[in-house]
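The values are calculated or read from the model by the stated rules, or taken from the named source; none is laboratory data. Everything quoted here is computed from the prediction, not taken from an experiment. Backbone-built Cβ (ideal geometry, glycine too); neighbour counts: all protein chains shown. The accessibility values were calculated without ligands, DNA or RNA, using every heavy atom of the protein model including side chains. Shrake-Rupley method; radii C 1.70, N 1.55, O 1.52, S 1.80 Å.
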Amino acid sequence: MDRDEEMGHGDRSLLFIGDEDDDLGADRDGASPPTSSDEGSFSERSDDDARDDRGGRGGDERDAPDDCQKGTWPQSYRQSIDMLSAVPSPTVSTLMAASPSLTKFGSSFLKAGSSFLRKREGSALPLTRPLLPPSLSQLSQSSMHQPPVKQSTDNIGLPPRPPAAHEAELPERPSRACLKSDYIELPPPASKCSSGQSIINGFNVLCGVGILTTAYGIKEGGWLSLLLLPLLGGSSCYTGLLLKRCIDSSPNIETYPDIGQVAFGIFGRIFVSVVLYLELYASCVEYITLLGDSLSSVFPSAHLAFTGINLNAHNLFAITMALAILPSVWLRNLSLLSYLSAGGVIATVTVIVCLFWVGIGEGIGFHPSGAAVNLTHLPVALGLYGYCYSGHSVFPNIYSSMKDRSQFPFVLLFCFTVVTIVYAGVAVTGFLMFGESTMSQFTLNLPQQYIPSKIAIWMTIVNPYTKYALTMTPVALSIEEALPQRMRSYLVGMSVRTCLVLSTVAVALLFPYFALVMALLGSVFTMLVALILPCACYLSIKKGTVPLWEIILCIIIIMIGVVCACIGSYTSINRMISR
């Protein structure tokens, strides 16, 4: 049976948070959680679960994107995208109280370690929102020893959904759908994020490898091209708020594909999902190119000549690093890797410090040069700057996981303001240091004999290595759940992931132009995801209630996005072909 037929509703059946209302009638036979022997597929659910889910809910198609719809692919989007941000564990305070000395290792380590220890030791789970829903027998036994707990406040701030007639008198029970779901072995976030944690998540999303090319953007577009940074940043921040308003329009909307479905039906959901997955896939291609460039700068004389095959340093390291990354893509438990990926903010800060260290402490200095504006190559700079704000695919997840959702506008504004200042500062510093010789990644310009240069290079290598598997997992899961039920085996899943990794290597070797490929991604996908789609979905969902000035503003942003996408993609593709 296809996933589409098995799941009577959309992402809500597999959400990390806020599923109690949908799960009242899901587990009626007292089934216990699957054991470690219940393996064999990346995504499986029984026909009984599907019948339970289909009978559990009803509603209006516009207000509930997951109701009365078949084929609501993808189901795994929420779980897989949540891995890209660090969500605090509910038992951190308990562990800290038991072992205060653990605090020095940092909250992220505690979060990862606490969930890992719970799996290893099988300790009793807290009743206030368990990481894995216990069986009915476990609930009955626990209730004899534990005082009653308060009702979950996961959906705080949202109007409660009235229960269906057949659900009204049923006790709240764990979701059998969640028990049987086998997409990934990453425990759902058991508690809501504070505003501080949400800011860290936002920085982790926005502070990516795009910062390496901002100095090259000034070289391509001139000094006046820096005006595009606040323009794109302000527009992206505004469209992020539009996504929030779309989510607030219905309690059933949690993710970007949900927004697309409410706005334009099932085809809108599929289109939005495909665009988001292509963006993630292209980011993995960029990671391979970045690893090849960085390692070849450290070991420029490396090469391989074997049976007529000659590989230069870039190609050799691109293939080698892809093979090294491959086992991490096979992993089904990516929880520890997700916390390592959250260290991307630390890696980015380290690279920035090293840049200033080399410029000031090592005597390279700053030398003003460059044109005011270069209209010929300005579209490339536009794409590079646009890529820096490609975080909208995760913003709905961050918003949905917040404890106090009213703080989201502040979180968004603070994150965009800080990253825009950082991007502009790094761009100015890098170009003043290296001028017209600035390369696609400023780390390639850093003299190798200096210690900060070595630190910056290796931080640049470690960052994409830890993020590759997390970025590729949503793409792999979407393909696996689209396969027929009989093909959803662990071996098939490994084959799918292997093919995806090999294909990214092939594309990276075919187009080894880091800056131009990033400019293409920023021109096409970022303009779609960050500018065009949020405005279009907002106008469709809230039509009739949007003031005239906001309609005009959204139309202007859509037009800017379309023009930038066309001009930027044409320029980037034309330059890649001419090389």
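Looking at the structure I just gave you, is ARG245 open to solvent by 30 Å² or more (accessible area, probe 1.4 Å) and charged (D, E, K, R)?
Taking the combined requirement at face value, the residue satisfies it.
Taking the stated definitions as given, is SER235 among the polar types (S, T, N, Q) and either outside any helix (DSSP H, G or I) or open to solvent by less than 10 Å² (accessible area, probe 1.4 Å) (or both)?
no
Could you look through the stretch 204-233, keep only residues that are among the hydrophobic types (A, V, I, L, M, F, W, C) and within 21 Å of the chain's Cα centre (by Cα), and pick out the one that is modelled with the highest pLDDT?
Restricting to residues being among the hydrophobic types (A, V, I, L, M, F, W, C) and within 21 Å of the chain's Cα centre (by Cα), the top hit is LEU232.
Results for (1) surrounded by 18 or more Cβ atoms within 10 Å (Cβ to Cβ); (2) β-branched (Val, Ile, Thr); (3) part of a helix (DSSP H, G or I), shown as yes or no for each residue.
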residue	(1), (2), (3)
PHE414	no, no, yes
TYR423	yes, no, yes
THR429	yes, yes, yes
ALA456	yes, no, yes
LEU470	yes, no, yes
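Hey, among SER523, SER495, SER540, which residue is touching a Phe, Trp or Tyr at 6+ places or on another chain (Cβ under 9 Å), of a type outside the set (A, V, I, L, M, F, W, C) and surrounded by fewer than 21 Cβ atoms within 10 Å (Cβ to Cβ)?
Exactly one residue qualifies, and that residue is SER540.
Just name the residue that is surrounded by the fewest Cβ atoms within 10 Å (Cβ to Cβ) out of those in the stretch 393-412 that are closer than 26 Å to LEU280 by Cβ and among the hydrophobic types (A, V, I, L, M, F, W, C).
Out of the qualifying residues, it is MET402.
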